[in-house]
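Working notes, structure below.
The values are calculated or read from the model by the stated rules, or taken from the named source; none is laboratory data. In this text the structure is predicted, and so the values were computed from the model without any measurement. Positions of Cβ are backbone-derived with ideal geometry, glycine not excepted, and every protein chain shown enters the neighbour counts.
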Amino acid sequence: MFNEDDSRNRYDDFITVRFLLASKMRPLLLLLLSDREYDLNAFREELDKPSASILHGLKELERINLIKKNFKRYSLSSKGVLCSASLKKLFMDLYIFEINRDFWLNHSIESIPRDSFRNTYLLKDSVFVESDEHNLSKSFTKYLELLSNCGNMEIILPIFLEEHLEIILENLENGDNLLLITNEEVLSSLRNSKYYGDLADFSKKGQVIIRKVDYDLKVFLTICDEFMSLSLFFKDGLFDNSCFILNEHSDGIKWAKALFEKFFEKSVRVI
Amino acid sequence: MYYFSVVGEELKFLNNSDIRLKVLVDLVDGPLKIRDINRKSLLSYSSISSNIHKLCDEGYVEKIHNSFQLTNLGLIYITLLMDLRDVISTITDNSDFWLDHDISSLTIDDLNKLSSLEGSELIRCNSMDIYKTHKEFKRLFKNSKQLKVIFPYLHPEYPKLIRRLVLKGISVDLIVSRNILDGFIRDIGNDVVKKGIYEGNFSIKYLNDDIKIALAISNEFITVGLFKLDGTYDQNRLLLSNRKKAISWGLTIFDSYDESALTLVLD
C-alpha cells in the first residue's frame, strides 16, 4: 500500500534542516554572519553566551562548509550565504502566522493556493485589524474607510453587502476602476439589487469588469494602490467580519496581486 | 534576528524530534490513523502516539474521529520546512558549484526561490574532457527555438553560434557587459545584427556594470555559470536543468537584468 523507500527518502533529506533548526545557536551565528565578518569577541558581545558554546556552534557550521575561518575571523562561505538567506526567508515567511496563531487556526484557508504560503515573507509588515469589546464594528468601519479612499480596486468578493457596493459606486463615480471576481451566489444577489444597473453602466464606460468563478470563495481580498486587505471565513463556514489583515506596503500588495492573479486565471468574464 | 526571535522556539520544537517531523510529513497527503503512520514511517506506536499528542497540544495536528490531520499551522509549517529541505538539497547536491563562487549577482528573491533548481545537473569538465561545459553549451544552443542569454565574457565561438541562430530566424535576446559589446557585434556581424533587429528576432542590450553570472535560457533548458571568488569565470562548471520551474527562475533573473540594461542604438 505504501512505498516505504519513497517515504524514507522524504525524511532523510531533513537531516540538514534539523541540524540547522534544532539549535538556537547555529541559526543565530548564520544570521549574524550574513551581515558582516565576526571574531569570537564580537560574537560574545553580540550573543552574550559563553565562548565554549559559540565555538562549538562555529565548528559545527565550519564542518559542513557553511562558514570559513581566516585569521580568527569568521565569514559565510557562498554555500553559507545561500543557507542563511533561506533561513531568513523561512523566519519571515512564518512570522505572520506566529504573531496571530489563533487567527490561522480558527479560519479556513482552503481557498488560498498552497503556493501563496511560500511567499508570506511579503506579508511581514501586516497588521491584524480586530474588533474588540469597546468597538464591535471596529474592523468593519476601518475597512469601509479604507475602501472609500481606495482609487482603482481589485476585489475578490465572496459576500454581498450593500455598504460595500455604496462605496464602490461612489469610487466609480469619481472615475476609479473596478475589477471584481465573485461567485454565482453573490452575482445573483448583485443582479437582483438596485446596484446592478449602475455597475452595468460603468462597465459600458470601461470602468468595471466583473468575473465569476464556479467554486466556493472563502477569501475576501481587496487590493488598491495603497493597501491590501484580506478577510477569511471561520472554519464553520461563516464569514468573519471582526478581523482582517491589512498591509500598506508594496510587498504586501505584491503578495495580494499574485493571489488575485490565481483566482483571475480560473474566472470567466460576466460583464 | 527579530523574526527568528518570534519563530525560533516553534521551529526548535518541531526540529528537535525526528519523529515529529516524520509525522507531519506523513500527514501532508491527508488524515491518517496511527496504524497508517506506523506502516508508512516504521516508527513504533508509542513514539507516534506520544509525539502526535504533543503536536496536537501545540496546534499543529488535530484529531478528527479516529484519524489525525494537520491544522492550518501544521500544513503551513511543514510546507515551508519541506521547501527549505528542497533548497538545502539543491545546494548540497551541487555543493561544488555553490561553494567558493561569487553569488552577488543573485538577489535575495532569486536565492529564496533556489529550490526551483532542484534536480539540476552539474556539468563538470574533467581531465578526459576539458571542454565538456563548452560542448554542452554549444549543443544546447544549436537545438534552441528561442533563446535568452546573459554573457559576461566573450568566447570566440559564441558570436558565431548566435549569428547562425539569428540567420535561421530564431528569436535571440542577448545581454552583455559593455566591455565586450563591440567585440560581440563585430563577430556576429554588423549586417546580421541590423537584420535581426530589423526583422524583430534579435535584440542586444548591454550593462555598464560587471556581470557576474552567465545565464542561457531556452524553451527547453536553463544553464547557469558563476564566477569564482578570485574574479575569474569558472569555465569548468555549468549547472543545467530542463525543468519548467528552473526555466521560470532563470527568466525572472533575465527580466530583472533586462530592465536595467541599455538598448543598443544602431547608426
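Tabulated results
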{"read-out": "Failed criterion for B:TYR45 (all others in (1) at pLDDT below 95; (2) within 26 Å of A:SER84 (Cβ to Cβ); (3) among the aromatic types (Phe, Trp, Tyr) hold)", "value": "(2)"}
{"read-out": "Criterion (under 23 Å from A:LYS24 (Cα atoms) and either free of Cβ contacts under 8 Å to residues at least 60 places away in the same chain or not aliphatic (A, V, I, L, M) (or both)) met by exactly one of B:ILE88, B:ILE64", "value": "B:ILE88"}
{"read-out": "Matching residues in region A:115-139 - criterion: being in contact with a Leu (Cβ under 9 Å, 6 or more places away or on another chain) and of a type in the set (A, V, I, L, M, F, W, C)", "value": "A:PHE117, A:LEU123, A:VAL127, A:PHE128, A:VAL129"}
{"read-out": "Hey, B:SER5 without any contact (Cβ under 8 Å) to a residue 12 or more places away in the chain and either within 29 Å of A:TYR121 (Cα to Cα) or within 10 Å of chain A (Cβ to nearest Cβ) (or both) or not", "value": "yes"}
{"read-out": "Helices (runs of 4 or more DSSP H) enclosed by region A:1-89 - at least 2 residues per element that are more than 11 Å from every other protein chain (Cβ to nearest Cβ) and at pLDDT below 95", "value": "A:40-47, A:51-63"}
{"read-out": "Region B:185-204 - residue that is surrounded by fewer than 18 Cβ atoms within 10 Å (Cβ to Cβ) and touching a residue at least 40 places away in the same chain (Cβ under 8 Å) and, of those, nearest to B:THR263 (Cα to Cα)", "value": "B:ILE197"}
{"read-out": "Some residue of region B:58-75 being farther than 20 Å from A:ASN106 by Cβ, assigned to a helix (DSSP H, G or I) and assigned by TED's automatic domain parsing to the domain that holds B:VAL6", "value": "no"}
{"read-out": "Residue count, region B:15-49 (criterion: of a type in the set (Lys, Arg) and more than 11 Å from chain A (Cβ to nearest Cβ))", "value": "2"}
{"read-out": "Test: B:ILE103 is among the β-branched types (Val, Ile, Thr), buried (at least 16 other Cβ atoms within 10 Å of the Cβ), within 10 Å of another protein chain (Cβ to nearest Cβ) and without any contact (Cβ under 8 Å) to a residue 24 or more places away in the chain", "value": "no"}
{"read-out": "Test: residue in region A:80-87 that is among the hydroxyl-bearing types (Ser, Thr, Tyr) and under 21 Å from B:ARG85 (Cα atoms)", "value": "yes"}
{"read-out": "Residue match in region B:38-45 (condition: under 34 Å from the mean Cα position of the chain (by Cα), farther than 17 Å from B:LYS12 by Cα and of a type in the set (Lys, Arg))", "value": "yes"}
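So that you can scan it fast, the table gives a plain yes or no per residue for (1) at pLDDT 90 or above; (2) under 18 Å from B:HIS134 (Cα atoms); (3) in contact with a Lys or Arg (Cβ under 8 Å, 6 or more places away or on another chain):
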residue: B:ILE180; (1), (2), (3): no, no, no
residue: B:ARG186; (1), (2), (3): yes, no, no
residue: B:LYS195; (1), (2), (3): yes, no, no
residue: B:SER203; (1), (2), (3): yes, no, no
residue: B:VAL224; (1), (2), (3): yes, yes, no
residue: B:ASN236; (1), (2), (3): no, yes, yes
